[in-house]
Every structure is written in C-alpha cells, then in structure tokens.
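Notes to accompany the following structure.
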Amino acid sequence: MNKLQEIAQQRVLVLDGAMGTMIQRYKLEEEDFRNEQLKDHPSDLKGNNDLLSITRPDVIKAIHAEYFKAGADIAETNTFSGTRIAQADYGLEHLVYDLNYQSARLARDVADEFTKSEPDKPRFVAGSIGPTNRTASLSPDVNDPGFRAVTFEELFEAYQEQVRGLLDGGADLLLVETVFDTLNAKAALMAIDEEAQKRGIVVPIMVSGTITDASGRTLSGQTTEAFLISVAHMPLLSVGLNCALGAKQLRPYLKTLSDNAPFQISAHPNAGLPNEFGEYDETPEDMASQIEEYLKDGLINIIGGCCGTTPDHIRAIADMAAKYEPRGLAVSE
C-alpha cells in the first residue's frame, strides 16, 4: 500500500479547486501566453492555460500555493488540455512533453515546500489528464454517424506522451478526469499501464467521470453503473465524478458509485450550476453544507472542487471534511 492509499483510509483527502477560475483573476493578456520561443507564433495563444506553466510559471505556482494553504492535500497539474490532440488547436504539438513536464515540476516544487513545512500533512501532485476535445465513441457529423474525428490509437499515443511528461516531472498519481467518453479514458488508462510497466513502477490512478445532465448519463450515453464497470478492470486508487453538476445534483450518482465500487470514491463538483452568464454563484458555505451530506453518509474518500471553485471553497470543504471519517472500503466476499 502506498502512502496516499494509507492516508485515504485514515481521513478524507482534499483535492484542490478550479485552475481556470483562478487564472481568470489574473486578467492575463496575449503577451502572458508568449515567451521568446513563441513571440512569432502565428496563432493566438490567449486562453491556452496549459501554456502558462512555461510562460508564467509564477502564476501557476501561486495558485498551487493558495490551494495548499486552504487545506488541499492534492494539487492537480495545469495540464487539462496537455495532449497533442488538444494543443493542435494552437499549433503547439511540439511543446506537449515540455508542457506536462514543467507543469508537474511546478506543482512538485510547491508540494515539497509545503510538506517540508508541515511534515505531518504531506502534499501530493496529481497529473491532470483531460478527455481531449474529440470523442472516440461519437461522430461529430450528424450526416455520417460512422465517422470519427479521432482513433483509439491516436488517443493512446497522445496520452502516452502526456503520461511520460507528467511522471518525469514528478507527479505522484495520475487523474483521468472529466470523462465524457469512456473509450477515451480507456486509451488513457492503457497508456498509463504501459508506461508504468516500462518503468517498473506502480502509478496510483484516479478516474473521474462526468454526468452531463439529469438523465444520469455521460455524454456517450453510459449510466453511472456502466461507467464504473467499464473502468473497474484497472486497480484504481479511486473512481469518482466531477464537473457538469453541482454538489447537490451529483449526490445520487456518487451514492451509486459508493454502493458498488471496490475503490476509494472521489468527487470534485462545480460551485453549483452556471448562471445565465456562465458564471458560478454558489458560496463556499453553501457548497460545504451540501458536501457535508456526502460526509454524513460516508460516501467519499477524496473531495475537492471543479468549475467556479476557489481557495475559499476548498478551505470551507477542508474544514468540513476534517470532522468526518472517510468512506470504508467494501470487503470482497
């Protein structure tokens, strides 16, 4: 059992909150997304937040530090779009390994600083692996349902490159998150497994799916039970849900996972549902009170925040989580 699994059985672990929400506070401009190497790059780069790990590492480190100060045990790397598939939109496929390496390195440095100052509360780095902006299960062309914008092999190779960078940069675990198409996630899991075997190491893996609406299904049509079955062949650290819904809306689907999964359970919901301007209004206190229902019912082991959450949300959640025991793992018969 690794250190992370050991701690997760002793107390509820706290994941950090939204990276994009925090980056927006800095009101960065196009020049912040460029350095000497990219000064003449032909595409607009503003909005490519992963790139800031190279061009504005001070911003990313400061955000990690804020979340650790708020009580987070685990920081996610700034690599949600860190594949050559996603970076192709900006013509930056050649920077993918470096983006992931530098992002993991930044988070590692900050985590180590906090662990050194608080040895009784070690901090961990989760390499964030997003779903990419393409889906292996659905056609983007309504007139050609058999068409796919990406193949499983392309996804696998893209994730391999990302995984290498994250592990080389010092990630303790890998988080395959915001899974809307489990076939994409399977490519990521296969890439992680192959890279771990090459290195002769065991990599703790979190998998977190996304329920897209009140139907309780992922974008590719899976129920929560089907999603769990699809990834349960891997020896995961945790399985969980994030994004799309607020804490209140996510609860019934977390209950399904908790009732059926032989793994730890994670959740990092949004700060409620977006308003008409696409912004999130739920206060830290409101969100923490909803998450208390998870804790009272013993549904979770790892809790954090997704879209719209800030260090204030994580602080309120961490304070609440400290009052409760983590979910116990079911014993197989």
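The values are calculated or read from the model by the stated rules, or taken from the named source; none is laboratory data. Bear in mind that the values here come from a model prediction, so they are computed numbers and not experimental data. All Cβ positions, glycine included, derive from the backbone under ideal geometry; neighbour counts span all protein chains shown.
Of all residues in segment 163-182, which are over 14 Å from the mean Cα position of the chain (by Cα), in a helix (DSSP H, G or I) and at pLDDT 95 or above?
R164, G165, L167, D168, G169
Report whether or not T21 is in contact with a strand residue (DSSP E or B) (Cβ under 6 Å, 6 or more places away or on another chain) and not aliphatic (A, V, I, L, M). Judged against the criteria, T21 is not a match. In segment 45-63, what residues are without any contact (Cβ under 8 Å) to a residue 24 or more places away in the chain and either in a helix (DSSP H, G or I) or touching a helix residue (DSSP H, G or I) at 6+ places or on another chain (Cβ under 7 Å) (or both)? Correct list: K46, T55, D58, A62.
Would you check if L257 is assigned to a loop (DSSP other than H, G, I, E, B), at pLDDT 95 or above and either at positive phi or within 18 Å of the chain's Cα centre (by Cα) (or both)?
no
Quick check on D58: is it over 22 Å from the mean Cα position of the chain (by Cα), of a type in the set (D, E) and surrounded by fewer than 20 Cβ atoms within 10 Å (Cβ to Cβ)? The answer is no for D58. The residues on offer are G305, G298, and the sole one that is surrounded by fewer than 24 Cβ atoms within 10 Å (Cβ to Cβ) and part of a loop (DSSP other than H, G, I, E, B) is G298. Taking the numbered list (1) within 15 Å of Q102 (Cβ to Cβ); (2) under 19 Å from the mean Cα position of the chain (by Cα); (3) outside any loop (DSSP other than H, G, I, E, B) in turn, E66 passes all entries but (1). If you go through segment 5-39 and pick out every residue that is within 20 Å of Y294 (Cβ to Cβ), of a type in the set (A, V, I, L, M) and in a helix (DSSP H, G or I), you end up with 2.
Looking only at segment 194-244, which residues are in a loop (DSSP other than H, G, I, E, B) and either touching a Lys or Arg at 6+ places or on another chain (Cβ under 6 Å) or within 24 Å of L273 (Cβ to Cβ) (or both)?
Of everything in segment 194-244, those that are in a loop (DSSP other than H, G, I, E, B) and either touching a Lys or Arg at 6+ places or on another chain (Cβ under 6 Å) or within 24 Å of L273 (Cβ to Cβ) (or both) turn out to be T210, I211, T212, D213, A214, S215, G216, T218, L219, S220, G221, Q222.
The condition (being farther than 30 Å from D193 by Cα, within 19 Å of the chain's Cα centre (by Cα) and in contact (Cβ under 8 Å) with a residue 12 or more places away in the chain) is satisfied by just one residue among I317, I265, I300: I317.
If I ask for residues that are aromatic (F, W, Y) and farther than 23 Å from S238 by Cα, which ones from segment 147-178 would you list?
The answer is F147, F152.
In this structure, does Y26 turn out to be under 19 Å from E113 (Cα atoms) and in contact with a helix residue (DSSP H, G or I) (Cβ under 8 Å, 6 or more places away or on another chain)? No; evaluated as a whole, the condition is false for this residue. The lone criterion from (1) in contact (Cβ under 8 Å) with a residue 40 or more places away in the chain; (2) surrounded by 21 or more Cβ atoms within 10 Å (Cβ to Cβ); (3) of a type in the set (V, I, T) left unmet by I205 is number (1).
One residue alone among T223, T283, T256 is free of Cβ contacts under 8 Å to residues at least 60 places away in the same chain, hydroxyl-bearing (S, T, Y) and under 23 Å from A316 (Cα atoms), and that residue is T283.
Test A316 against the criterion of being more than 22 Å from E6 (Cβ to Cβ) and of a type in the set (G, A, S), and give yes or no. So A316 passes the test. Given the condition crowded, with 21+ Cβ neighbours inside 10 Å and under 17 Å from A188 (Cβ atoms), answer yes or no: does some residue in segment 61-77 qualify? For segment 61-77, residues crowded, with 21+ Cβ neighbours inside 10 Å and under 17 Å from A188 (Cβ atoms): present. Inside segment 1-23, residues that are in contact with a helix residue (DSSP H, G or I) (Cβ under 8 Å, 6 or more places away or on another chain) and free of Cβ contacts under 8 Å to residues at least 24 places away in the same chain make up a count of 0.
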